[in-house]
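Bear in mind these aren't lab numbers, they're just calculated from the coordinates by the rules spelled out. No experiment lies behind these values; they were computed from the predicted model shown. All Cβ positions, even for glycine, are placed from backbone atoms using ideal geometry, and neighbour counts span all protein chains on display.
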Amino acid sequence: MQLFRRTPYVCPGCSRKLVSSLRRRNLSKVTFNDFRNTPRSFSHARTKRPFRLAIIGSGPAGFYTAYRVMQKVQDAVVDMYEHLPVPYGLVRFGVAPDHPEVKNCQEKFEEVASSPRFKFIGNVDVGHDIPLPSLKPHYDAILFAYGASKDKKLKIPGEDLEGVYSARAFVGWYNGLPEYANLDPLLGAGEEVVVIGQGNVALDVARILLTGVDALRKTDITERALETLARSKVKSVKVVGRRGPMQAAFTIKEARELMNLPSVSFEATDSSLFPADITKLPRVQKRLTQVLTKGSAASASTASKSWDLSFLLSPKSFNDSPSNLGSLSSIEFEKTEFTPDSDPFDRNAKVTSTGRTTTFPASLAFRSVGYKSSSIPGLAELDVPFDERMGIIPNDPYGRVMNPQSGPGALTAGPVPGMYCAGWVKRGPTGVIASTMDDAFASADAIARDWKQQVPFLNSDNSGSTGMGWDGVKEEAKKRGLRPVSWEDWKMIDKAEKERGNAVGKEREKFTNVSEMLKVLDS
Amino acid sequence: MSITHPSCRIVLSAISRSARSPSSSSRVSLSQLRHIHTRSSNWYPNRASSINSQRWKSWRALQIYEHAQKLPSATFAAFARSRRRFSSTPISRHGHLTPPKPGEELSVTFVDKEGQSHSFQVADGDNLLDIAQAYDLEMEGACGGSCACSTCHVIVTSDHYDLMPEPDDDENDMLDLAFGLTETSRLGCQVKMAKELDGLVVKLPSMTRNLQASDFESK
């Protein structure tokens with residue numbers, strides 16, 4: 001039992017006994033309400049059996065929601081489904097290897113997982129390996145926290161040329177995501193790289209390309225990525241955005257890190273893009289502008305590599321050269337300008353095309369214009385809609401899944417009983433750990449509140465859930481020949497990865513394909 | 001009354017004693033409490049042994065009780081039950097707090113999201129994140145206090161903001177991402193208690209969207 005009760009805590013059983021004994025003695029001072037009106041004890045809302053929650057996805061959104069639900073609903077039992085044998089989602093596969101401190105949130109997740117009320121079911125792809133509706137009879141609620149597994153395309157000519165990669169694939173590759181284990185980008189193809197998009201993923205890509213490979217050796221970046229990066233010829237990285245610096249999505253920490261890379265210089269940005277008096281800017285923009293105008297620690301004359309931020313450019317086409325057909329050699333951009341009614345220094349300023357174009361030579365390009373969630377098979381059968389355009393499951397801001405048809409009238413939307421979402425599939429692919437946590441807590445609070453208020457949950461219309469959770473789904477999984485991975489199994493994989501890392505002097509050497517991971521367990 | 005768990009029994013005996021004699025004292029006396037936890041050898045029932053100092057244990061238990069004593073008596077019982085059941089941080093991180101030397105205690109007050117004040121006597125050099133976590137206040141520290149997230153955001157409400165060493169670039173970079181940033185915002189993990197900060201009052205910002213009762217009425 002790993003639930004540490006560190007403070008004067010009285011368990012529900014004992015306090016019930018106390019209340020009844022005090023009442024028998026007819027004591028006026030202590031009333032039942034003293035005990036009942038406590039904010040955190042939502043329990044046994046309607047039945048004597050626990051609240052069963054299935055969570056699809058084991059990234060930070062899933063874990064933080066599980067944590068909060070288990071804290072707020074005393075008898076909540078959580079089953080977390082993950083399609084890979086390994087947990088943590090983007091904390092493992094998205095956070096850059098040179099940001100190990102961001103991964104410290106895994107300690108919290110481990111603590112959640114060590115609770116007897118939590119079960120991890122890895123290597124089971126809900127929607128593909130087992131149908132989503134087969135979960136429904138056994139749970140009171142299902143939380144979708146499966147994130148954004150696709151990325152947005154530019155939909156311009158030449159996007160399939162050799163040398164054009166998605167930043168998501170590149171990030172997945174150096175972080176050991178099995179899906180992209182064999183990407184091996186052609187980093188030796190040339191010196192000039194263009195990254196399209198100006199979010200933190202774009203700056204992560206630039207930083208990994210420009211950081212000296214020796215600085216990465218101690219991180220948990222894959223050995224295969226290290227080998228490829230060691231052969232890289234990349235000298236300059238251009239990070240291109242459609243709008244100006246005041247509208248860029250990257251955050252100051254990532255920009256500052258690039259400015260401080262040894263022997264990497266920053267080519268100054270056109271000063272007309274910044275207001276004349278930056279002291280009048282709001283705090284966040286002001287500090288970012290200071291970093292961008294101050295420039296890099298390394299000077300252009302001594303630095304061996306460089307990067308810059310190019311603004312007001314919209315990609316038009318990827319082009320190959322006659323001498324090297326099929327491989328990227330240049331990218332054509334259309335210049336944009338702020339619309340007459342926009343303030344160029346406002347965060348929401350809009351741009352419009354000018355018709356003028358410019359071309360940058362590039363042998364490699366990374367498209368980094370955002371991730372995108374996709375629907376999973378079986379949602380429709382559970383009355384859960386999916387907004388393809390927004391790439392989210394429609395929800396009220398608290399994470400209750402909303403269906404346009406389920407409201408009381410013919411034209412009103414309403415919540416789908418027992419269906420919730422959290423994380424990027426709820427609000428779109430933006431934000432750092434802190435915002436994901438806030439958002440997961442909001443979803444968890446909604447679930448706890450709903451359970452306490454006894455609103456309809458899954459199967460409320462018929463006899464109710466079987467309350468079996470994974471035990472009810474297990475048979476189905478067995479029938480399909482699945483090999484579920486438990487938390488203990490993951491700990492074995494974890495141990496093996498750490499041992500592999502130890503051997504080469506780093507924290508961890510990840511397995512980059514599922515069969516290698518399973519071999520640890522079943523050999 | 002057959003209450004089986006030792007820790008429950010200690011708390012409950014204190015509560016029922018105070019309830020039994022409402023006229024003489026509606027609150028548990030301090031000497032009574034001292035007795036309770038010097039007698040108790042296992043104050044934390046499921047606690048791992050990483051905090052091994054007996055002195056620390058009894059000191060902290062006393063702190064919590066002294067804090068509870070300041071609450072209105074009716075809420076004392078509620079307090080006893082409403083503490084978090086599910087620890088927020090690995091045990092290893094709570095070890096940082098050292099009991100203050102007698103006479104050198106510094107006072108710090110946290111105002112939580114419900115507006116409830118929690119005051120503690122702490123030692124010089126303790127940071128606010130460690131203090132909040134040691135006392136189970138609702139403050140996350142997603143990055144483990146390494147100044148890489150903004151989950152331990154606090155708002156300084158006493159006059160001490162200008163007495164603190166200025167936040168460095170790393171801290172400011174993270175504060176830029178904090179929800180509800182104010183002029184006197186700091187990261188709890190970066191604020192260390194010092195003599196000049198005695199009497200510090202900080203507010204925990206409301207992190208999540210507040211759920212309104214009206215959000216549920218339609219359901």
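Structure notes:
- Unit Cα scatterers, Debye sum, the range A:119-191: log10 I(q)/I(0) for q = 0.14, 0.17, 0.26, 0.28 Å⁻¹: -0.68, -0.85, -1.32, -1.40
- A simple spin-label model places pseudo-atoms 7 Å from Cα toward Cβ; at A:Asp396 and A:Lys286 they are separated by 3.9 nm.
- Counting only other chain Cβ atoms within 10 Å of each residue's Cβ, the peptide A:98-109 averages 5.
- Isotropically averaged projected area of the range A:292-449, using the convex hull of Cα atoms (one quarter of hull area), nm²: 16.5 nm²
- Taking the centroid of alpha carbons for each part, the range B:127-143 and the range A:265-312 are 36 Å apart.
- Coarse-grained scattering of the range B:95-180 at q = 0.17, 0.26 Å⁻¹, given as base-10 log I(q)/I(0) from a Debye sum over alpha-carbon atoms: -0.81, -1.57
- Scalar couplings 3J(HN,Hα) for the range B:186-195, obtained by applying the Karplus form with A = 6.51, B = -1.76, C = 1.60 to θ = phi - 60°, are 9, 8, x, 6, 9, 9, 9, 5, 8, 3 Hz; x denotes Gly and Pro.
- Long-range HN-HN contacts of A:Phe120 with modeled amide H, under 5 Å: A:Met80, A:Trp487
- C-alpha long axis of helix A:200-210 to longest principal axis of chain A, angle in °: 50 degrees
- Remark on B:His153: its backbone amide H falls under 5 Å from those of B:Gly188, a criterion applied only to residues 5 or more positions apart or on other chains, H modelled at 1.01 Å from N.
- Spatial extent of the range A:207-280: Rg and Dmax, with the Cα atoms as the point set, Å: 15.6, 48
- For the range A:45-159, convex hull of alpha carbons as volume per residue, Å³: 141 Å³
- Figure legend: label point modelled 7 angstrom from the Cα of A:Thr293 along Cα→Cβ; residues of the range A:347-390 with amide N under 20 Å from it are A:347-349.
- Mean per-residue shielding of peptide A:430-442 is 5, counting Cβ atoms of other chains within 10 Å of each Cβ.
- Cross-link reach list, lysines versus B:Lys101, counting only Cα pairs under 25 Å and skipping chain neighbours closer than eight places: B:Lys57, B:Lys70, B:Lys192, B:Lys195
- Of the GluC sites (Glu not before Pro) found in the range A:305-389, those in coil by DSSP whose Cβ has at most 16 other Cβ atoms within 10 Å are A:Glu388.
- Each of the peptides A:439-446, A:399-406 was scored by the mean count of other Cβ atoms within 10 Å over its residues; in descending order, highest first, they stand as A:439-446, A:399-406.
- Using alpha-carbon coordinates, inclination of helix A:487-503 to the longest axis of chain A, degrees: 30 degrees
- Volume of the Cα convex hull of the range A:479-523, divided per residue and given in Å³: 71 Å³
- ³J(HN,Hα), Karplus 6.51/-1.76/1.60, whole Hz, each residue of the range A:139-154, x for Gly, Pro: 10, 8, 8, 10, 10, 8, 9, 8, x, 10, 9, 10, 10, 6, 9, 7
- Contact order relative to length of chain A, as percent, for alpha carbon pairs under 8 angstrom and 6 or more apart: 21 percent
- Taken residue by residue and averaged, Cβ atoms of other chains lying within 10 Å of the Cβ of B:147-153 number 5.
- Ellipsoid semi-axes in whole angstrom, largest first, where each is sqrt(5λ) of the Cα gyration tensor of the range A:408-466: 26, 15, 10
- Mean separation of Cα pairs under 8 Å and 6 or more residues apart, divided by the residue count, gives the range A:326-419 a relative contact order of 18 percent.
- Degrees, to the nearest 10: A:433-453 long Cα axis against longest axis of chain A: 20 degrees
- Dimensions (Å) - the range A:381-523, Cα atoms, principal axes, largest first: 64, 38, 31
- Calculated [222 nm] ellipticity per residue, helices only, for chain A: -8500 deg cm²/dmol; basis is -39500 (n - 2.57) per DSSP H run with n ≥ 4, divided by all residues, nearest 500.
- Structural descriptor for the range B:94-165: relative contact order 24 percent, calculated from alpha carbon pairs under 8 angstrom and at least 6 residues apart.
- Computed over the range A:163-262, the convex hull of the alpha-carbon atoms projects to a mean area of 6.4 nm².
- Between A:Val351 and A:Thr339, the built amide H atoms are under 5 Å apart, and every one of these is 5 or more places off in sequence or on another chain.
- 21 Å Cα-Cα threshold exceeded, pairs from A:Lys426/A:Lys479; A:Lys153/A:Lys316; A:Lys153/A:Lys372; A:Lys150/A:Lys498; A:Lys150/A:Lys233: A:Lys426/A:Lys479; A:Lys150/A:Lys498; A:Lys150/A:Lys233
- Temperature 20 °C, viscosity 1.002 mPa s: under these conditions the Stokes-Einstein estimate for chain A, based on its Kirkwood radius over C-alpha pairs, is 84 µm² per second.
- Coupling constants for the range A:125-133 follow from the phi torsions by the Karplus curve (6.51 cos²θ - 1.76 cosθ + 1.60, θ = phi - 60°), and in residue order they are 8, 5, x, 10, 6, 10, x, 4, x Hz; glycine and proline get x.
- Fewest-first ordering of A:Leu135, A:Leu382 by other beta carbons within 10 Å of each residue's beta carbon gives A:Leu382, A:Leu135.
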